[in-house]
Amino acid sequence: MPPAETFFSTWRIDPVAAVALALVLLAYVAGVRRVRRTGGTWPVRRTLGFVLAGLGSYAVISFGFLGARSEDLRWAFTTRVALLLLVVPLLTLLGRPLDLAYAALPPGGAAGVRTFLGSRPVRLLGNAIVAPVVGCAVFCVFLTPLAGAWRTSALAEEGTGLVLPVLGLLFVLPIAAHTGLRSEVFIAAEFAFAFVELVLDAIPGLVLRLTGHVLDGVGAVVGTRPGWFPSPLTDQHWSGDVLWSIAEVADLPILLLLFVRWVRSDARHADRADGLTEAELDDLVQAHLRGGR
């Protein structure tokens with residue numbers, strides 16, 4: 001591993017990531033200003049959470065050591081991909097971007113956001129059964145020569161910083177927003193599958209760590225290298241360690257979000273039952289019993 005001084009002093013400017021960062025920041029600030037102009041309030045802590053935690057983490061990953069050394073080091077590339085896909089989207093939720101969009105946009109715009117989140121493709125990506133499979137598929141690329149082509153391609157590297165955070169947001173936004181009607185059985189299935197994800201996400205990292213040969217087909221970096229620079233196989237083993245750790249830790253907030261959705265769904269069903277008369281409850285029980293025969 002690099003010395004701490006090297007890790008924290010290595011920076012580079014990624015123009016594409018910088019433009020994307022600026023546009024998102026401007027859109028968020030414009031939304032906050034619009035809310036306040038219309039007489040509403042927006043907590044400063046949410047703005048700070050979005051800017052410092054969400055956009056700040058994106059900037060550190062894109063412009064710091066992980067971005068600068070992503071092409072040369074497998075573990076830096078793997079860490080960058082995992083953080084952009086799993087961690088940055090979760091940190092942006094601290095700024096409650098959906099709530100800001102609903103408050104700042106006109107009624108037609110807010111309805112458009114709700115329609116988008118309720119669309120079939122977004123709901124498909126945002127349930128806890130499909131999202132883990134897609135995430136695991138992304139990580140399984142590290143076990144093939146495609147990872148080497150991805151890591152060493154300038155075009156693919158630029159796309160990584162744009163596509164992965166958006167994909168990660170599509171995973172977590174529907175869960176955080178509690179969009180769409182879900183039966184308690186379906187929510188329970190999502191919750192159970194999220195535990196299965198803990199095992200699925202560990203598989204790519206374990207394979208990278210335990211395999212005794214380089215999987216991506218890329219040889220050692222040509223030219224002068226620092227003394228701390230790892231061999232290709234050691235580099236791969238480190239990337240497996242990092243991928244396993246990040247994937248497992250990032251699953252915990254998803255489990256928490258699913259648990260909250262489960263509790264809220266149960267509360268809604270309880271409120272609905274409390275509002276029924278005795279005759280309506282009796283009819284509901286009889287219909288349930290007839291359906292079970």
How much accessible surface area, in Å² rounded to 10, belongs to the heavy atoms of residue 33 with a 1.4 Å probe? 150
Round to a whole number: what % of the accessible area of region 1-140 belongs to carbon and sulfur, probe 1.4 Å? 70
Give the ranking of 144, 160 by solvent-accessible surface, highest area first, calculated with a 1.4 Å probe. 144, 160
Accessible area, 1.4 Å probe, largest first: how do 133, 242 sort? 133, 242
List, in order, the whole-Hz ³J(HN,Hα) value for each residue of region 8-23 obtained from phi through the Karplus relation with A = 6.51, B = -1.76, C = 1.60 and θ = phi - 60°; use x for Gly and Pro. 7, 9, 8, 9, 8, 9, 9, x, 5, 5, 5, 5, 4, 4, 5, 5
Quick one: how many Å² of residue 86 are accessible to a 1.4 Å probe, rounded to 10? 30
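The values are calculated or read from the model by the stated rules, or taken from the named source; none is laboratory data. It should be emphasised that the depicted structure is a prediction, and the values quoted were computed from it without experimental measurement. Only protein heavy atoms, including side chains, enter the accessible area calculation; ligands, DNA and RNA are left aside. Shrake-Rupley method; radii C 1.70, N 1.55, O 1.52, S 1.80 Å.
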